[in-house]
Amino acid sequence: MSLTTISPGLENVVAASARLSSVDGLAGELIIAGYALEELAENATAEETIFLLWQDRLPSADEFDRLSPPLGVAA
């Protein structure tokens with residue numbers, strides 16, 4: 001008779017892999033393109049985050065200016 005180890009839920013199971021992000025549930029970390037989620041949420045705009053996901057880097061100041069509409073202008 002063989003013994004089977006049972007893990008609750010998905011403990012220690014890799015369900016998928018991703019190129020841009022990593023999750024460390026034990027440490028409570030979600031890293032997106034090298035940046036902690038909390039860091040992006042506190043410091044990056046939606047446009048910067050989308051650029052990061054598309055280009056694997058944050059935009060330069062010039063690139064960011066081209067992403068954002070001028071103040072007072074609807075997108």
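At a glance:
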read-out	value
Environment charge at residue 54 (Cβ cut-off 13 Å; Lys +1, Arg +1, Asp -1, Glu -1)	-2
Among (1) 57; (2) 31; (3) 40, the entry derived from the coordinates for percent of Cα pairs over 18 Å apart	(1)
Helix 46-55 vs. the chain, principal-axis angle (Cα, 0 to 90°, nearest 10)	70 degrees
Accessible area per residue, Å², the chain with all protein chains present, probe 1.4 Å	85 Å²
Charge dipole (debye, nearest 20) of the chain; +1 at Cβ of Lys and Arg, -1 at Cβ of Asp and Glu	320 debye
Positive dipole terminus of the chain, leading residue within 12, 32, 45 (C-beta point charges)	12
Rough spin-label spacing in nm, given labels placed 7 Å along Cα→Cβ, for residue 14 and residue 36	2.5 nm
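The values are calculated or read from the model by the stated rules, or taken from the named source; none is laboratory data. It should be emphasised that the depicted structure is a prediction, and the values quoted were computed from it without experimental measurement. Positions of Cβ are generated from backbone atoms using ideal geometry, with glycine treated the same way; all protein chains shown enter the neighbour counts. SASA here: full protein model, heavy atoms, side chains in, ligands and nucleic acids out. Shrake-Rupley method; radii C 1.70, N 1.55, O 1.52, S 1.80 Å.
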